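Written out below as structure tokens is the structure these notes cover.
Readers should treat all values here as calculations from the given coordinates under stated rules, not as data from a laboratory. As the structure is a computational prediction, the values presented were derived from the model and not from experiment. Using ideal geometry, Cβ is built from the backbone for each residue, glycine included, and neighbour counts are taken over all protein chains shown.
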């Protein structure tokens, strides 16, 4: 009898341990994980059929704030474009207010130290600064860009690899309940997203740069890449700049998105869409 009771207890313990393992695995999936790919129409033997809404994209136009006439053209782009302004630049405040009045989403384009050590301009964060300097600089930068609801890094191929400094950034962003972080992903070794998730800051990573080369043919090719990725994975995020070549192509292509079955969303809504899809995916794992 003792042996039987012992076996039952062992089996019970093993079952509890197994359930705990499954629970821990589910909890460990980051709420804002970009590496979870939701494929429209995909299902398997362990999940229910999940209806995915139409593919969605976001486009950030950054490096704004220095040239009023150039940046004003960018603000006239049709649809839910998101605009990211460099802090303490001559026209950042004025144009951020104008963008907000046009119901466009506004971000802070935060300068961060690059491997090339290029000049950062006003408001930059470097590896040598103290935590108190980070806090003061970020607060000042956010104050200089009214209505900002998120930030993305300007350059940053060096700083986004530093755990301590990126933790300071995310802890400061976490104090603001409405701020998200977009990793511009200027280096494949960036820990920006990882650090944001660790500090419960909503985050997403750039998928496509539209205009690292300003050749119109290459910009069109990158725009097609953006659309293809959205149709494959459900969502995609691009970053571009207010170059005349980029503006001309976007002015032509953005009005065609609806006929291609693509939604253009501000970044905050793209984040919400991805979070909802991850939640749906998790629910589909339940028996």
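In nm, to one decimal, how far is the residue 76 label point from the residue 128 one, both placed 7 Å along Cα→Cβ?
Once both label points are built, they end up 4.4 nm from each other.
Distance between the C-alpha centers of the range 177-213 and the range 132-176? Whole Å please.
12 Å
Mind giving me the FRET efficiency for residue 139 and residue 259? R0 is 30 Å, r the Cβ-Cβ distance, nearest 0.05 is fine.
Efficiency for this residue pair is about 0.10.
Under a point spin-label approximation (7 Å from Cα along Cα-to-Cβ), what is the residue 232-residue 53 distance to one decimal in nm?
2.3 nm
What area, in nm² and to one decimal, does the C-alpha convex hull of the range 56-277 cast on average over all directions?
11.3 nm²
Starting with the highest mean, order 172-181, 263-272 by the number of other Cβ atoms within 10 Å, averaged over the residues of each peptide.
By packing density, highest mean first, the sequence is 263-272, 172-181.
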